[in-house]
Amino acid sequence: MILFVNALSALDVSIWCPQRGLVGASYHIDVELEGQLGDDGMLFDFGEVKPWIKSRIDAGVDHTLLVPTKAHDISVSECSEGLRLQTRHPWPMELRAPRQAYTLLPWQQITPERLGDYLSAELSRRPPAQVEKIRVTLREESHDAGGYTYSHGLRRHSGNCQRIAHGHRSRLAIWHNGQRSETLETQWSQRLEDIYLIDQADLIGTDNETCHVGYESAQGRFSIRLPRDRAEILPTPTTVEQIANWMAQEIASLHGGSVRVQAFEGIDKGAVATAQGARDSA
């Protein structure tokens, strides 16, 4: 017998991609559980499926940086913070963070299919009674219009969002003077594709070439160095509320008129912000 639960939860991570660099990713988690029915006629109570699986994924890969350790020009070593990640291709980055901020995978590249197989094997090691096998499928949300992929860290967050390189793949909708603007959505989707968002208060130093970000939070000390053109510096923490507000204010300043931004943080959650420009341009 197979029990299935589609969109059981969502997974939010950043991935080091040999072609794109640091990429924010979000996936729906679909699950199948295979086994024998109990005397009650059930394989596993639906009410218990979600918390059982979600708790294990949350304690593992969720809100970590996924690193394919066999990719070209990647080095992982111990450091005072925990682990030091250095990359050179497709662009240079140095990340220092506690070990729990990483998921190290002995692969050349990370794909949703392979990551789903990895989670299936992890969850199947100690399954609930009557369950013999667990299969996990990861799928991206469809973005018919705008979308953006970003990584960040929230120093003040009490949970795993404080990890300096976790991310999201998110939808984006923008209205200008009451009309949905595909042009603005495309512009901002391109501007924020595979971007790292920085709270200015966490910026240790920057020049025309490099940004250096660092902070200490409840889980330990974190720092990241990356090219300046791979980052956007915000005057506030990079919460989704502030991201939406920052975009609305920037668009209103550039284009005038009334602006409404709906910015998602991963799947099915986010914030809406509005702004009014001093002028109205075409």
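The values are calculated or read from the model by the stated rules, or taken from the named source; none is laboratory data. Remember, it's a predicted structure, so these values are computed and weren't measured experimentally. Don't worry about glycine lacking a Cβ; one is built from the backbone with ideal geometry, like all the others, and counts go over all protein chains shown. We work out accessible area using only protein heavy atoms, side chains counted, and drop any ligands, DNA or RNA first. Shrake-Rupley method; radii C 1.70, N 1.55, O 1.52, S 1.80 Å.
Descriptive notes on the structure:
- Residue 140 vs. criteria touching a residue at least 60 places away in the same chain (Cβ under 8 Å) and surrounded by fewer than 16 Cβ atoms within 10 Å (Cβ to Cβ): yes
- Residue under evaluation residue 155, criteria (1) closer than 30 Å to residue 214 by Cβ; (2) open to solvent by less than 10 Å² (accessible area, probe 1.4 Å), criterion not met: (2)
- Members of segment 90-120 that are touching a residue at least 40 places away in the same chain (Cβ under 8 Å) and among the β-branched types (Val, Ile, Thr): 103, 110
- Candidate set from segment 66-123 (those that are among the basic types (Lys, Arg) and within 29 Å of residue 217 (Cα to Cα)); member that is most open to solvent (accessible area, probe 1.4 Å): 88
- Strands (runs of 3 or more DSSP E) contained in segment 210-282 and holding at least 2 residues open to solvent by 40 Å² or more (accessible area, probe 1.4 Å) and farther than 21 Å from residue 146 by Cα: 210-217, 220-227, 270-280
- In segment 48-61, the residues that are more than 15 Å from residue 134 (Cα to Cα) reach residues that are buried (at least 16 other Cβ atoms within 10 Å of the Cβ) with C-beta atoms within less than 6 angstrom, at least six apart or across chains, in these pairs: 61/103.
- Residue list for segment 78-97, filter: basic (Lys, Arg) and out of contact with any strand residue (DSSP E or B) (no Cβ under 7 Å at 6 or more places or on another chain): 88
- Of all residues in segment 178-209 being part of a strand (DSSP E or B) and among the β-branched types (Val, Ile, Thr), the one that is farthest from residue 21 (Cα to Cα): 204
- Picking from residues in segment 107-142 that are over 18 Å from the mean Cα position of the chain (by Cα) and assigned to a strand (DSSP E or B), the one that is farthest from residue 36 (Cα to Cα) is 136.
- Test: residue in segment 37-48 that is outside the structural domain of residue 228 (by TED's automatic domain parsing), under 20 Å from residue 139 (Cβ atoms) and open to solvent by 60 Å² or more (accessible area, probe 1.4 Å): no
- The lone exception for residue 26 - which of (1) open to solvent by 20 Å² or more (accessible area, probe 1.4 Å); (2) of a type in the set (Ser, Thr, Tyr); (3) in a strand (DSSP E or B) it fails: (1)
- So residue 37, is it more than 23 Å from residue 217 (Cα to Cα) and part of a loop (DSSP other than H, G, I, E, B): yes
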